[in-house]
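All remarks here apply to the structure that follows.
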Protein chains: 2
Amino acid sequence: MRDSADTGMAASVGPCASIPVEHMGFVRQVLDRVGDKWSMLVIAVLESGPMRYTDLQRQIPGISQRMLTRTLRQLAEDGLVSRTAYAEVPPRVEYALAPLGGELRDIVRQLIRWAADHHDEIRANRSRPDATAPSEARP
Amino acid sequence: MRDSADTGMAASVGPCASIPVEHMGFVRQVLDRVGDKWSMLVIAVLESGPMRYTDLQRQIPGISQRMLTRTLRQLAEDGLVSRTAYAEVPPRVEYALAPLGGELRDIVRQLIRWAADHHDEIRANRSRPDATAPSEARP
DNA sequence: CAGGATCCGAGGCGATACTG
DNA sequence: CAGTATCGCCTCGGATCCTG
């Protein structure tokens, strides 16, 4: 294959050149968890501190109990969030970012900032006629 | 584009509330595109330079033509990647990161690094007995 | 070579009802 | 309050065939 020298951004491409295909597998695995519809939002909401089940549900409009429960369970399973249940009455369960999730938090925050920064641009682009149309070429 | 006071701190993200609920909507929108199974991988692969359809398919094991086409179309629609078709024979179409996608590239790279760095930790956590079980409390 | 069209199964996801 | 259980829609996503 051709090399990255042609784009002039050679400095960005580090020691290993983007993604070694051998890493594709687990990158997919992790992205599958972290990149699904709700996980990032949960992490993002949790970055402001520990939160209870119902509060999470309120903070994330559109999520159903099913999905909130599933997502929290997944994240807890992966060790990204911690679950603490206090044996009181009424029952209280608090979810918080685990240290592992804490590192992700910064990335998610950047992603959200990027989204906030460019979402109008993206929406504008979506209204454009083509860029996806089978139009011509320019040799 | 508006500004590129990049890699610093924007006024959008406040100290306390992390994500203003009013932003939830488009965060979901963007995350839906960027956070799906394949988009990030395409962006990641594209970071090493422009690439043709078939090369992308080879670089991303497990992706089907349908999904590759769909993903590329979405990304092009959103202005994250550019599509250039050369009217030659045989036809040649090259996809590259658009400037908008270029900013995302860094974030995706961090995410991938994070994934590479912690994937074994995550897998280890997944093997743990509970943390998801409806067990007791720990006051 | 790049991608459109179609069929089809798996499961994501929401709505509702019930429990401790 | 914090879930679990069940049902059903509907999209995601892969396999296959076909075109320019």
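Throughout, read-outs are computed from the coordinates displayed, never taken from laboratory work. Just so we're clear, the structure is a prediction, and the values are computed from it rather than from any experiment. As a convention, Cβ positions derive from the backbone with ideal geometry for all residues, glycine included, and neighbour counts pool all protein chains shown.
Residue exposure proxy: A:Y53, B:Y86, B:Y95, ordered by other Cβ atoms within 10 angstrom of their Cβ from fewest to most, comes out as B:Y86, A:Y53, B:Y95.
Each of B:E121, B:E94 was scored by other Cβ atoms within 10 Å of its Cβ. Arranged with the fewest first, they read B:E121, B:E94. Across the options B:L41, B:L100, B:Q65, the greatest Cα extent toward the positive end of the charge dipole of segment B:22-116 (unit charges at beta carbon of Lys, Arg, Asp, Glu) belongs to B:Q65. Between copies, B:P90 shows label-point distances of 6.5 nm, shortest first, with the point placed 7 angstrom from Cα along Cα to C-beta. Each Lys and Arg adds +1 at its Cβ and each Asp and Glu adds -1 at its Cβ; summed about the Cα centre, segment B:22-116 shows a dipole of about 320 debye.
Take B:S64, push a point 7 Å out from Cα through the beta-carbon direction, and compare it with the same point in every other copy: 2.4 nm, smallest first. Taking other Cβ atoms within 10 Å as a rough exposure proxy, A:D120, A:D78 sort from fewest to most as A:D120, A:D78.
Over segment B:22-116, the fraction of Cα-Cα pairs per 5 Å bin, rounded to whole percents and listed from the shortest bin up, is 3, 13, 24, 25, 19, 9, 4, 2, 1, 0, 0. What separates the B:D106 label point from its copies, with the point 7 Å along Cα to Cβ, is 1.3 nm, written shortest first.
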